[in-house]
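Enquirer: Sharing a structure here in structure tokens format.
The values are calculated or read from the model by the stated rules, or taken from the named source; none is laboratory data. As the structure is a computational prediction, the values presented were derived from the model and not from experiment. So basically every Cβ, Gly included, is an ideal-geometry build from the backbone, and we count neighbours across all protein chains shown. To get the accessible areas, we keep the full protein, side chains included, count just its heavy atoms, and leave off ligands, DNA and RNA. Shrake-Rupley method; radii C 1.70, N 1.55, O 1.52, S 1.80 Å.
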Amino acid sequence: ELWISLEEHQDALELIMSKYRKQMLQLLQGRRGEDAEPVLEVHQANSSEIEGQIDRICEMGEVMRKAVQVDDDQFFKVQEKLAQLELENRELRELLSISKESFEVGREDLPD
């Protein structure tokens, strides 16, 4: 769910940036070349900042995915160990039952 949310966020950022770039291009075409230079510099700075934020978001998503994987692996190990212990317990109870039965049969065979 986190990964899907992250992808949706990235898509929204890309949509916003494409609209921003389109508007900036329209502004630049409508102005003279010398007026466009400061706007272009601001646009490039903003683009760099947003790219950095997108990279950080991607890194956080990767960390979250690894954390989920580790958590899932740990859960499966615990489940496997629990199944092994339940099986061992069942087998030990059977052995104990057999042992009790043989002890009781041996007692019955003894003369009073």
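Enquirer: Run the quick spin-label model on residue 74 and residue 11: label points 7 Å from Cα toward the beta carbon, then report their separation in nm to one decimal.
Expert: Once both label points are built, they end up 3.2 nm from each other.
Enquirer: Sorted by mean Cβ packing within 10 Å, highest first, what order do the peptides 49-58, 79-88 take?
Expert: Working: 49-58: 12.0, 79-88: 10.0.
Ranked from most to least packed, the peptides come out as 49-58, 79-88.
Enquirer: Could you give the angle, 0 to 90 degrees to the nearest 10, between helix 33-109's Cα long axis and the longest principal axis of the Cα atoms of the chain?
Expert: The angle comes out near 0 degrees.
Enquirer: To continue, here is another question. Using the beta-carbon distance between residue 4 and residue 90 and R0 = 41 Å, what value does 1/(1 + (r/R0)^6) give for FRET efficiency, to the nearest 0.05? Let's see the in-between values first.
Expert: Numbers: r = 42 Å, r/R0 = 1.01.
Result of the calculation: an efficiency of 0.50.
Enquirer: Round to the nearest 10 and report in Å² the accessible area of residue 42, as given by a 1.4 Å probe over the protein chains' heavy atoms.
Expert: Residue 42 exposes around 80 Å² with every protein chain in place.
Enquirer: Now a separate question. For the chain, with the dipole built from +1 on Lys and Arg beta-carbon atoms and -1 on Asp and Glu ones, taken about the Cα centre, which of 5, 70, 47 lies farthest toward the positive end?
Expert: Of the candidates, 47 comes out farthest on the positive side.
Enquirer: Straight-line reach only, C-alpha to C-alpha below 28 angstrom: list the lysines that residue 77 could link to, leaving out same-chain residues fewer than 8 apart.
Expert: Within the straight-line cut-off, residue 77 pairs with 66.
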